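Taking it in order: structure first as structure tokens, then the write-up.
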Amino acid sequence: MLEEKNIAVLVSGGGSNLQALIDAETAGRLGGGRLSLVISSHPNAYALTRAAQAGIPARVVAREAYETRAAFTQAVLEELRARDVHLIVLAGFLYVLSPAFCLAYPGRVINVHPALIPAFCGDGCYGLRVHRAVLAYGVKVTGATVHFVSEETDGGPIILQKAVAVEPDDTPESLQRRVMEQAEWILLPEAVRLFCEGRLRVDGRTVTAVDA
Ligand code: GAR
């Protein structure tokens, strides 16, 4: 029997990746991980409704309420420290946190990004902006990446990636949907499961999933 691990999920919007995690937990596919807290940077995020429907405690730490990134980061950390959190998942969390965040939870923060890192990522490249940039560049393949969070935006060791085709008639919205359906909603619960099962080994930039 695996030890239950408390997971906090940070969100900013629709929360479809949070939903993928909720569904995985319900199906017993989260490796003993337990979604125990949702923190939203927006008071009206639909992700909060998803959390309520799943019975997960939720807190709002509104970005606008803080003058600096550092103060916002401290407020998020205070919410996390009030609980025994093993893993923090940035699931459509659209703000960059201060380095203090990674220092507080080294190797215990993961993020999902809607492109094949190191392409189409970094400061200012998030959400639909990523898919607009992909279409503007004309690449034929994009995808999603789940990675450990480091002090460099989207720069931490990569856990899982999956490629998704760009179609000739894609809009940013249609591409976003396909990347979510074919990659994000599959990769994120899988990465969380591997983490909770204690199967991820990190050697420099290389992450390996070892057998249970
Ligand atoms: C997702 O596509 C996620 O990968 C992206 O925002 C969307 C949130 O959707 N995150 C980033 O771009 C972070 N750099 P969701 O709220 O429905 O999960």
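The values are calculated or read from the model by the stated rules, or taken from the named source; none is laboratory data. Note that the structure is predicted; figures quoted are calculated from it, not measured. All Cβ positions, glycine included, derive from the backbone under ideal geometry; neighbour counts span all protein chains shown.
Restricting to the stretch 108-152, what's the tally of residues that are in a strand (DSSP E or B), near the ligand (Cβ under 10 Å from one of its atoms) and surrounded by fewer than 20 Cβ atoms within 10 Å (Cβ to Cβ)? Residues in the stretch 108-152 being in a strand (DSSP E or B), near the ligand (Cβ under 10 Å from one of its atoms) and surrounded by fewer than 20 Cβ atoms within 10 Å (Cβ to Cβ): 0 in total. Within the stretch 16-28, if we keep just the residues that are more than 24 Å from Thr73 (Cβ to Cβ) and among the polar types (S, T, N, Q), the residue that is nearest to the ligand (Cβ to nearest atom) turns out to be Ser16.
For the stretch 157-169, residues that are of a type in the set (Asp, Glu) and within 12 Å of Val141 (Cα to Cα) total 1. Taken residue by residue, the stretch 117-128 has no member that is touching a strand residue (DSSP E or B) at 6+ places or on another chain (Cβ under 7 Å) and farther than 30 Å from Arg199 by Cα. Going residue by residue through the stretch 69-81, is there one that turns out to be among the aromatic types (Phe, Trp, Tyr), crowded, with 18+ Cβ neighbours inside 10 Å and modelled with pLDDT of 95 or more? Yes, that holds for at least one residue. Looking at the stretch 1-91, the strands (runs of 3 or more DSSP E) lying wholly inside it that each contain 3 or more residues that are among the aliphatic types (A, V, I, L, M) sit at 5-11, 33-40, 87-90.
Of everything in the stretch 53-68 that's over 19 Å from the mean Cα position of the chain (by Cα) and at pLDDT 95 or above, which residue is nearest to Asp123 (Cα to Cα)? Residue satisfying both the conditions and the ranking: Thr68. Checked against the criterion of being farther than 20 Å from Pro106 by Cα, away from the ligand (no atom under 16 Å from the Cβ) and touching a residue at least 60 places away in the same chain (Cβ under 8 Å), the candidates Gly31, Gly13 yield just one match: Gly31. The single condition among (1) in a helix (DSSP H, G or I); (2) without any contact (Cβ under 8 Å) to a residue 24 or more places away in the chain; (3) more than 12 Å from the ligand (Cβ to nearest atom); (4) not charged (D, E, K, R) that Ala100 does not meet is (2). Residue-level check: of (1) surrounded by 13 or more Cβ atoms within 10 Å (Cβ to Cβ); (2) away from the ligand (no atom under 15 Å from the Cβ); (3) among the basic types (Lys, Arg), Arg205 misses just (1).
Within this structure, Val89 fails the test of being among the β-branched types (Val, Ile, Thr), at negative phi and either surrounded by fewer than 23 Cβ atoms within 10 Å (Cβ to Cβ) or more than 12 Å from the ligand (Cβ to nearest atom) (or both).
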